[in-house]
Amino acid sequence: MSKQSAIVNPEIFTPHKRRPRKTEGGIPFRLVSDYEPAGDQPQAIAELVDGITRGERDQVLLGVTGSGKTFTMAKVIEAVGRPALVLAPNKTLAAQLYGEFKSFFPDNAVEYFVSYYDYYQPEAYVPRTDTYIEK
């Protein structure tokens, strides 16, 4: 079934609620903050934006806790004008990032998803005890 047929025939897909206008695209990313980039942030923003525009597939932003990595990435998102997927290693940090990005981009869609899959046991080997752990 094509996307076009779902648009032409509303019976095929009826959303449970109307989507907010900001999720339809076309609204530029405008960062709202009382702060301006400082220290190494302007250089990091420029280099990350340059890498994205050149098509770099992998880039890393390193910084200690509280150094402004989230703000730096928000400025990159604003400069590039493209949506971003932000991943967090745990639910606490995910909630914190969601709140920060929501306040940085109040006019844009900022969504939050947390997996409820609580237990994942990867296959592992512990050399110290010569123990193999199955999935």
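Tabulated values for the structure
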quantity	calculated
Difference of contour (0.36 nm per residue) and Cα-Cα distance, S103 to T70	10.7 nm
I27/E123 FRET efficiency (R0 41 Å; Cβ-Cβ; nearest 0.05)	0.40
Efficiency of FRET from Cβ geometry, N90 and T131, R₀ 25 Å, rounded to 0.05	0.50
Residues E111 and I52, FRET efficiency given R0 of 25 Å [Cβ-Cβ distance, rounded to 0.05]	0.75
Ordering of 127-133, 40-46 by burial proxy (mean other Cβ atoms within 10 Å per residue, highest first)	40-46, 127-133
In the range 32-122, the trypsin sites (Lys or Arg not before Pro) that fall in loop regions by DSSP, at most 10 other Cβ within 10 Å	R54, R57
Residue-count net charge about A46 - beta-carbon cut-off 15 Å; Lys, Arg +1, Asp, Glu -1	-4
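Coordinate-derived values only; no laboratory data. Owing to the predicted nature of the structure, the values given are computational and were not obtained by experimental measurement. Counting neighbours? That spans all protein chains shown, and the Cβs are built from the backbone with ideal geometry, glycine included.
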